[in-house]
1. For PHE247, only one of the following conditions fails: (1) at pLDDT 95 or above; (2) surrounded by fewer than 19 Cβ atoms within 10 Å (Cβ to Cβ). What is its number?
2. Answer with yes or no whether SER255 is surrounded by 15 or more Cβ atoms within 10 Å (Cβ to Cβ) and modelled with pLDDT of 95 or more.
3. If I ask for residues that are open to solvent by 10 Å² or more (accessible area, probe 1.4 Å) and not in a helix (DSSP H, G or I), which ones from region 174-198 would you list?
4. How about region 66-172: which helices (runs of 4 or more DSSP H) wholly inside it have at least 1 residues that are at pLDDT below 90 and farther than 24 Å from TYR18 by Cα?
5. What are the residues in region 151-176 that are farther than 16 Å from VAL15 by Cβ and among the charged types (D, E, K, R), if any?
6. Taking region 199-244 as the region of interest, how many residues are open to solvent by 10 Å² or more (accessible area, probe 1.4 Å), in contact with a Gly (Cβ under 6 Å, 6 or more places away or on another chain) and within 17 Å of GLY278 (Cα to Cα)?
7. Do you know which residues across region 240-267 are more than 22 Å from ILE125 (Cα to Cα) and without any contact (Cβ under 8 Å) to a residue 12 or more places away in the chain?
8. Answer yes or no as to whether LEU44 is touching a Phe, Trp or Tyr at 6+ places or on another chain (Cβ under 9 Å), open to solvent by 30 Å² or more (accessible area, probe 1.4 Å) and part of a helix (DSSP H, G or I).
Amino acid sequence: MEMVGPTKRMVAGVVCQYFFTAGYFITAIFAYFIRDWRMLQIALSLPGLVFLSYYWFFPESIRWLLARGRKEEAVEILRKVAKENKVTIPEEMYEGLCSEESSKAGTNILQVFRYPRLGLRAVNIFFSWFVNSGVYYGLSLNTSNLGGNDYLNFAISGAVEIPAYAFLLFSLNRLGRKAVLCGCMLAGGFAMSACAFIPDDSTWLLITLSMIGKCCITASYGVIYILTAENFPTVVRNSGVGTSSMFARVGGILSYYVLDLKDIWKPLPLLIFGGLSGIAGFLALLIPETLNRRLPETLEDGEAFGTSAYDKRRTSLNEFDGSGEPNSQNQNIEFENNHVKNHKLPNS
């Protein structure tokens, strides 16, 4: 998110999800040809070792370095950016880079709860991740209970993610993050709840409604990644997304046990998934919209984010044009405002 300009944040966030879908399809293919679960687990786990090499190729977040007071390291990366893109940056720009000296001691995610509004927003976001993950993996695991061929159902479950992310590419910069998140979770909750009233012999109707629910929850899952990264202040953004992901894993773990409730009443798991999606969808209305908004950097920014006070303060610091982007004539020097923001980052 932080390696691209504001107009590219949405595309970068959504396109990454397509690679997740590609992994979903690969899982289906591997499972079809590798029937021993131990060998399947090994085959799916070994490619993860490649990610260890990212340590030497990915540069650190410049905004994070500045927020932690590590200005020299941020300037060094910026010089590499300028060299890679054959751009000359005036020395006064380097000198004028903002840094939050008060954050040098470090900031952890627990400190967000010192701020009432920010703390409640964090809990709301954590709950949304919990529900999205639980419903997503619950529906994925539930494909074997829908009837028909298990492998075909699993493949269809992955295929519906393609239009879900295409919808996000079309809608997020038009409708906003919050509206899409809320709408998708409510629509998915309705589709899953409707499955409870489908006769057992109507297999394809049951599969269709379940896949509509999966499509909607996939779209909302894609939105929550972007909305979370944009709502947490820079000083806790990494830990905020990481903590959110932890709650998501809890939801994914519990989804398996929710599916066991089918022994009590077959539609009960889908009703639970649908109800939780509806609740999380309505609560999403309380999360501030981030479309064309300058992201919060400090905990104080995060507390004020989404209020008129935050907008007035940011407007007084920066001149905006009609699109919400910083005006090119603005003399305030900040990383996101300079002309390097839309250039590619070199390997470190």
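1. Here PHE247 clears every test but (2).
2. The answer is no for SER255.
3. Selection gives ILE198 alone.
4. By residue number, 71-84, 91-95.
5. Scanning region 151-176 gives a single hit, ARG174.
6. 1
7. TYR257, ASP260, LEU261, ASP263, ILE264, TRP265
8. Spelling it out, LEU44 is indeed touching a Phe, Trp or Tyr at 6+ places or on another chain (Cβ under 9 Å), open to solvent by 30 Å² or more (accessible area, probe 1.4 Å) and part of a helix (DSSP H, G or I).
The values are calculated or read from the model by the stated rules, or taken from the named source; none is laboratory data. All values reported here derive from a predicted model rather than from experimental measurement. For neighbour counting, all protein chains shown are included, and Cβ atoms are generated from backbone atoms with ideal geometry for every residue, glycine included. With ligands, DNA and RNA removed, areas are computed over all heavy atoms of the protein, side chains included. Shrake-Rupley method; radii C 1.70, N 1.55, O 1.52, S 1.80 Å.
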